[in-house]
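K.L.:
Next up is a structure, given as structure tokens.
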Amino acid sequence: MAFYLLILLGITSSLFGIGASSGEQPLSRIAIHQTTLAVHSSAYVKVSPSVLGLKGENKEWVTLNFGHPNPSSDDWIGVFSPANFSASVCAPENEKVYPPTLCTSPIKFQYANYKDNGYNKTGAGSLKLQLINQREDFSFALFSGGFSNPKLVAVSNTVTFAYPKAPVYPRLAQGKSWNEMTVTWTSGYSIDEAIPFVEWVSKGGTPTRSPAGTLTISRSSMCGAPARTVGWRDPGYIHTSFLKDLWPNMKYAYRLGHKLNNGSYVWSRSYSFRASPYPGQESLQRVIIFGDMGKAEADGSNEYNDFQPASLNTTNQLIKDLENIDIVLHIGDLCYANGYISQWDQFTAQIEPIASTVPYMV
Ligand SMILES: [Fe+2]
């Protein structure tokens with residue numbers, strides 16, 4: 001088997017014990033536990049549309065309009081999910097200590113004057129932000145006082161995906177044997193609610209259904225802050241199915257399924273992959289190897305110190321070149337979530353077009 005290696009980036013900085021961006025997770029700049037309430041009756045945040053993904057999309061843009069009678073250039077908008085982010089959703093660390101006013105980090109943020117459209121003078125601003133389906137609804141809050149001394153001024157209407165629990169972001173991995181592929185995805189369905197599986201079929205063939213295992217993690221299994229405190233977010237359920245006895249080089253279509261207790265099915269959209277050639281068979285295998293990619297937001301949010309904007313260039317280029325790629329090895333340092341669990345959904349969404357089509361080996 002001929003291997004053609006394309007090495008985009010060589011060495012992960014973690015090999016040297018110095019994460020390129022350690023301590024620079026943008027969300028960690030926000031001292032959310034220091035938040036005070038300064039709700040202003042004439043301040044507002046309005047977001048539309050309020051229902052997303054009506055045609056099954058897992059990624060959509062929303063438009064924010066907001067106003068504040070005393071604007072400042074360091075005012076910012078935080079996106080929260082679940083939409084109810086008040087302290088009522090968290091317990092104190094121990095019974096003698098009250099929880100802070102806010103105990104949940106936003107999942108993303110942007111300066112209110114990001115578009116430089118006069119908000120810092122007039123107090124009227126707008127933003128466009130991209131949301132992905134992360135199983136829960138969203139709300140948008142306007143803060144003054146910058147990131148170190150946040151004052152909550154106004155909270156928006158709630159925005160939700162029409163199918164928040166939908167199976168999303170499949171990622172493939174080559175199995176232990178040449179003729180096996182694993183499919184891993186995320187959903188909001190526990191095994192008590194639905195049976196997860198993958199339906200897969202070659203052209204003209206008979207569809208096969210393979211069962212999936214289901215795993216999750218809990219807050220108590222995190223070893224410390226921020227993953228256990230402000231960075232915690234329910235990761236949903238992670239399902240993995242093993243597709244076996246694949247035929248060499250065969251192209252397969254597949255979709256993710258959940259059979260609900262009432263007998264009905266929830267489906268993802270259809271994806272496809274090509275199975276590995278038979279070992280030793282004459283073939284060209286084009287391998288992409290890189291590390292330290294990080295993640296980035298198409299709307300420019302969460303930006304700090306050029307925090308991985310190049311990762312979007314990397315994923316966009318790989319997506320363009322996907323026809324010429326057989327397998328991807330992402331050799332470590334993935335998204336620099338650094339204990340902010342929400343970032344993992346955003347990472348799996350960013351790599352989905354690649355990882356759902358060719359084995360994405362981590
Ligand atoms: Fe790194």
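Computed from the coordinates by the stated procedures, all read-outs in this text should not be read as laboratory data. A quick note: this is a predicted structure, and the numbers were derived from the prediction, not measured. Glycine gets a Cβ as well: all are built from the backbone with ideal geometry, and neighbour counts include every protein chain shown.
K.L.:
Convex hull volume of the Cα atoms in the chain, per residue, in Å³?
P.N.:
154
K.L.:
Are there trypsin sites (Lys or Arg not before Pro) in the range 201-251 that DSSP marks as loop and that have at most 13 other Cβ atoms within 10 Å, and which are they?
P.N.:
203, 244
K.L.:
OK, next. Give the angle, between 0 and 90 degrees and rounded to the nearest 10, that separates the Cα long axis of helix 310-320 from the longest principal axis of the Cα atoms of the chain.
P.N.:
With both axes taken from Cα atoms, the answer is about 40 degrees.
K.L.:
Loop-only trypsin sites (Lys or Arg not before Pro) in the range 45-148, please: DSSP not H, G, I, E or B, and at most 15 other Cβ atoms within 10 Å.
P.N.:
55, 96, 115
K.L.:
Right, here's the next one. Starting from the Cα gyration tensor of the range 26-161, multiply each eigenvalue by 5, take the square root, and state the resulting semi-axes largest first in whole Å.
P.N.:
Ellipsoid semi-axes (Å, largest first): 23, 21, 12.
K.L.:
Next question, about the same structure. Per residue of the chain, what 222 nm ellipticity follows from adding -39500 (n - 2.57) for every DSSP H run with n ≥ 4, rounded to the nearest 500?
P.N.:
Numbers: 3 runs with 29 residues, N = 362.
Per the formula, -2500 deg cm²/dmol.
K.L.:
Something else now. Under 4.7 Å Cβ to Cβ, no partner at all: give me those cysteines from the chain, in residue order.
P.N.:
223, 335
K.L.:
In degrees from 0 to 90, rounded to the nearest 10, what is the angle of the helix 342-355 Cα long axis to the longest principal axis of the chain?
P.N.:
It is inclined by approximately 30 degrees.
K.L.:
Set the Förster distance to 56 Å, then compute FRET efficiency between residue 97 and residue 61 from the Cβ-Cβ distance, nearest 0.05.
P.N.:
Values: r = 40 Å, r/R0 = 0.72.
Result of the calculation: an efficiency of 0.90.
K.L.:
Can you give the local net charge around residue 31? Use residues other than it whose beta-carbon is closer than 14 angstrom to its beta-carbon, Lys and Arg +1, Asp and Glu -1. Before the final figure, lay out the partial values.
P.N.:
Numbers: positive: 29, 151; negative: 74.
Overall, the nearby charge balance is +1.
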